[in-house]
Amino acid sequence: MGFLHLQSSSYLTLLSSYYIYYLWVFREGKKKSNMKQKVVLKVAMKCQKCRTRSLEVAAEQEGVSFVGLEGNEKEKVVVIGDGIDVVKLATILRKKVGTTEIISLAEQK
């Protein structure tokens, strides 16, 4: 019985050390950048409901601190934040609102 107990405790120790290593690697990979980004996307919006939906979708994304519209016809969505995944944002806007193009991506000071 003692031999089995010793094996299970060493097995648990090994598992816990792997778990701690996994958490450390995962946390290091998910570090947020301290760089503020300004992203401008051109979205095909036909009505006010589409404009509202595009702002809602952009505001739901991780790292977003500001969302707004610009342009003569309010066809450009401006997003400012830390560590924004621009490709993911464009894909979601394309699926939920309409055709989307990435106009610019710049560092915000």
Complete set of residues in region 88-100 that are in contact with a Leu (Cβ under 7 Å, 6 or more places away or on another chain) and either loosely packed, with under 13 Cβ neighbours inside 10 Å or polar (S, T, N, Q) (or both): T100
Identify all residues within region 43-74 that are in a helix (DSSP H, G or I), free of Cβ contacts under 8 Å to residues at least 40 places away in the same chain and among the aliphatic types (A, V, I, L, M); write none if there are none. L55, A58, A59
Which of the residues spanning region 31-87 are under 25 Å from K109 (Cβ atoms) and of a type in the set (G, A, S)? S33, A58, A59, G63, S65, G68, G71, G81, G83
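Quick note: the coordinates plus some simple rules give every number you see, no bench work behind them. These numbers were taken from a predicted model, which means no experiment stands behind them. No Cβ is skipped: glycine too gets one built from the backbone with ideal geometry, and neighbour counts run over all protein chains shown.
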